[in-house]
Amino acid sequence: MNKLIINSDDFGYDRAINHAIIDTHQEGILTSATLMTNTPGFEHAVKLAKENPELGVGVHLVLTFLKPLRDDVPSLVDEDGNFYRPDAHRAGLAIVDVDELYKEWDTQIQKVLDAGIKPTHLDSHHHAHTFNEHHLEVFLKLSEKYDLPIRGNFEEEHSRPTTTYFEPAFDGVGMLEEKEQEEYLELLFDKIKENESTEVMCHTGYIDEFLFKSSSFAEPRIYQVDILTYSNFVDKIRKDKEIQLVNFGDL
């Protein structure tokens with residue numbers, strides 16, 4: 001069997017994204033989502049997750065958006081108390097204390113557990129766990145502490161459970177011309193068939209004011225909802241008897 005996880009990041013970002021994730025899960029082939037804990041839609045996402053127990057829900061660890069949950073992590077924030085943005089990390093302007101990072105990410109996981117959600121796995125917003133080896137070390141330690149699988153979108157060796165293939169390029173599929181989109185989805189289908197287990201990362205969403213004002217990545221989300229719900233790609237996945245739609249809890 002070829003196990004297929006289709007995971008939508010940013011669950012909990014806001015109500016519009018939450019509704020899109022649930023619609024794509026209920027009507028399409030979305031099997032998994034990762035939950036942000038410091039965002040306006042967190043409580044709403046928890047409610048929806050409990051109403052949809054077949055949706056795998058992991059923790060989307062945050063280091064680059066809004067504010068931390070803790071107030072004792074000064075190396076993670078700028079002068080306004082907000083997390084440093086990704087560009088600050090890439091430019092070396094954010095010097096993160098790894099102990100503070102561990103405390104903050106551990107608190108984020110605990111918030112999900114305290115809300116009554118048993119996480120299926122860990123990944124991170126803007127792939128913050130891949131920024132450097134120190135972030136990755138914290139990420140792997142927390143995976144071990146909570147005995148959780150991880151998103152394996154990095155090359156370093158590790159012993160944590162993950163998929164045998166990670167597909168990073170789905171986010172742009174809705175912006176392609178029709179022929180290019182068909183070609184991409186055909187190639188993706190072939191990769192799914194070639195691998196024992198695959199995670200397709202996506203960002204399904206509807207657009208509301210908060211998303212429009214807070215993110216440069218808005219329009220592509222609405223196309224992903226349709227592609228993962230109504231497309232020939234969906235029909236092909238559902239008809240293939242060797243492809244098993246799962247979440248990280250099934251690895």
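Name the lysines eligible as straight-distance cross-link partners of Lys67: C-alpha to C-alpha under 18 Å, and not fewer than 8 places from it in the same chain.
Lys103, Lys111, Lys213
Taking H as built 1.01 Å from N, whose amide H comes closer than 5 Å to the amide H of Lys3, not counting residues under 5 places away?
Ser197, Thr198, Gln244
Rounded, prolate or oblate: which fits the range 15-62, taking a ≥ b ≥ c as square roots of the Cα gyration tensor eigenvalues, rounded meaning a/c under 1.5, else prolate when a/b beats b/c?
It comes out prolate by the Cα gyration axes.
Determine which aspartates and glutamates satisfy two conditions relative to Lys236: a Cα distance under 19 Å, and not lying fewer than 8 residues away in the same chain.
Glu27, Glu167, Glu178, Glu180, Glu182, Glu183, Glu186, Asp190, Glu194, Glu196, Glu199, Asp226
Tell me, what HN-Hα J-couplings in whole Hz come from the Karplus equation 6.51 cos²θ - 1.76 cosθ + 1.60 at θ = phi - 60° for each residue of the range 233-249, using x for Gly and Pro?
Coupling constants for the range 233-249: 4, 4, 4, 5, 5, 5, 7, 6, 6, 8, 9, 10, 6, 9, 10, 5, x Hz.
Below 14 angstrom from the Cβ of Asn195, what's the summed charge of the other residues (Lys, Arg +1; Asp, Glu -1)?
Local charge sum for Asn195: -4.
Tell me the mean residue ellipticity at 222 nm calculated for the chain from its helices only (DSSP H runs of n ≥ 4, each -39500 (n - 2.57), averaged over every residue, nearest 500).
My calculation for the chain gives -12500 deg cm²/dmol from helical runs alone.
List the residues, sorted by chain then number, that are 5 or more residues from Leu61 or on another chain and whose placed amide H is less than 5 Å from its amide H.
Correct list: Asp123, Ser124, His125.
Given C-alpha coordinates of the range 2-250, what is the ratio Rg to Rh with the Kirkwood estimate of Rh?
Here Rg/Rh amounts to 0.95.
Calculate the all-directions average of the projected area of the range 122-251's alpha-carbon convex hull, and give it in nm².
The number I arrive at for the range 122-251 is 9.3 nm².
Please work out the C-alpha center-to-center distance from the range 34-98 to the range 107-131 and express it in whole Å.
Using only Cα atoms, the two centres lie 9 Å from each other.
Taking the mean number of other Cβ atoms within 10 Å as a proxy for protection, how do you rank 124-132, 186-194 from highest to lowest?
Answer by packing, highest mean first, reads 124-132, 186-194.
About the Cα centre, and with charges only on the beta carbon of Lys, Arg (+1) and Asp, Glu (-1), how big is the dipole of the chain? Nearest 20 debye, please.
For the chain, the charge dipole is close to 640 debye.
Bear in mind these aren't lab numbers, they're just calculated from the coordinates by the rules spelled out. What you see is a predicted model, and the numbers here were worked out from it, not measured in a lab. Reconstructed Cβ throughout: ideal geometry from the backbone, glycine too, with neighbour counts over all protein chains shown.
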